[in-house]
1. 5 Å is the cut-off here: which amide hydrogens, built 1.01 Å from N in the peptide plane, fall below it relative to Asn245, excluding neighbours closer than 5 in sequence?
2. Please find the FRET efficiency linking Ile68 to Ile88, where r is the Cβ-Cβ separation and R0 is fixed at 25 Å, and quote it to the nearest 0.05.
3. Which order do Asp317, Asp353 fall in if you start with the one that has the fewest other Cβ atoms within 10 Å?
4. Quick check: residue separation of Gln325 and Thr188 times 0.36 nm, minus the Cα distance between them. What number comes out in nm?
5. Let me check against my output: what whole-number percent is the relative contact order of the stretch 402-481, with C-alpha pairs under 8 Å and at least 6 apart?
6. Can you work out the FRET efficiency for the pair Asn449 and Glu180, with r the C-beta to C-beta distance and R0 = 51 Å, to the nearest 0.05?
7. Using just the alpha carbons, could you tell me how many Å³ per residue the convex hull of the stretch 232-375 encloses?
8. Given the peptides 104-110, 394-400, 186-192, 144-150, arrange them by the average over their residues of other C-beta atoms within 10 Å, most packed first.
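No lab work stands behind these numbers, since they all come straight from the coordinates. Note that the structure is a prediction, hence the values are computed from the model and not measured. Don't worry about glycine lacking a Cβ; one is built from the backbone with ideal geometry, like all the others, and counts go over all protein chains shown.
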Amino acid sequence: MIHQKSFKSHLDRFIHAPQTELVLTVLILLAVILVIAEVALEGAGMRSPLVYLTQDLLTGIFIIELAIRYFVARKKQRFFRNYWLDIIAVIPFFRTFRLLRLLRMLRLLRAAILLNRNLHRVSSPLAASLGAQIGVFLSVGLIILIGALAIYLLEGNNNEAFSSVTDALWWSFFTLISGEPIGGEPQTAGGRFVTLMVMIGGLTMFAVFTGVVSAVMMQRLKMVMEVKNLELDELRNHIVICGWNRSGHLIIEELHADPSMRNYPIVVVAEFTETPEKELKRVDRSQLYFQVGDYTIIDVLESVGIYHAARAILLADATHPRSDQDRDARTVLAALTIEKLHPGIYTCAQLLDRKNNVQLRVAGVEDVIVAAELASHLIATSVRNQGSVDVLAELLTVQIGNQFYNISLPQHWVGMAFWEVSQLLKDEFDTILLAIERQTNGNRETIVNPPKNQPVLLGDHLVVIARSLPQVGGSRRTVSR
């Protein structure tokens, strides 16, 4: 059973890897070109076994791809809802059904989705500006190609206006643009039906192009590409925020301000009456998703891809009026559920009362924040040490100055004394060492300002202050004793 889960997990990572999706996009475009070549060659009375063989090979690859997606899909019904067009497109129709082969071109829509998704990985602003345009142009191309090849197959033998694929392509293009047949009148019922579809497609595309000028239509088309076609369960290594309160937008701004986390998709799930986009004007919302639902319910957590999330943040939810005890109870219940569904996830929970911390520690929640306690400690520290709050304010944000980092101890530093490691970090990386974090009997222990001769051990992590993440892996210089 464990081996099966591991195999399934490897397949899931493989099929959703950026490299795999890029290869699939190229293969889809190649398959479309081969369909055009196949129709053109047959119209000229020629046959190319190489084209047929390559088409069959590509169809086999696409069938294997969809079989893998079906195998790794947790919700089989959702798979069929998302991929029904792709399934139709790869059905190996016999070549006697010449017109049905054009259905293979429907996978151009999948190519648009894959291309848009990978643009987000490269650059979110680039994806935000090009995503909608890619969808529009590929839709136009799909209508033109299918209309041209269909009219050529139906009318080419009996109508001189469609005697070549080139003539059919020009006819399809002009008919799409003008909204009426230009360059030739179809003679068959099938040809007239194709003409009607191309004309309707042209009217639709005209409306879309008009809407692209409008910001409202641009945003709507962008949402189609990003959310409707890219379901939340397609996300990988994302951050799930359960619950919402006044600190929610500050947390997202901090996460986006960190260069190492800027491209992490963030999914916020809570019982919203209205999603808080207005509070997030300074955040790139192309990688931000909102899901309305009760995050203590397993189905809701599954719908936001909790199995594949890298981190979970549980806020003391303030979307509905509840007592502090009820809010903490929901946080504890959600944390227990998340750790049960995905034991390997990192979880940070916000509590209103420290007494509720026991259940979270037992469940395996890594970090628990009691907001009222931290605020009280900051106030008391400010009173005792005037001006220290300015120091803490800088260290607790990545947007200005220095901040905390947790780095792995390089193997060649194992056994060195705390002061030696501290001097190395300051000399080579202008970094201050504050504490050692290590696992003791399965529990995390943080040793702040340990004795100078305390040795660092294999598996330790170092808590440091730096302006940017220090790259300590390659440093091998030692300190003279």
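1. Residues meeting the criterion, in which the H sits 1.01 Å from N, are Ala318.
2. Once rounded, the FRET efficiency stands at 0.85.
3. Sorted ascending by nearby Cβ count, the order is Asp353, Asp317.
4. The Gln325-Thr188 span can extend by a further 42.0 nm.
5. For the stretch 402-481, the relative contact order is 46 percent.
6. After rounding, the FRET efficiency stands at 0.05.
7. Hull volume normalised by residue count: 107 Å³.
8. Result, highest mean Cβ count within 10 Å first: 144-150, 104-110, 186-192, 394-400.
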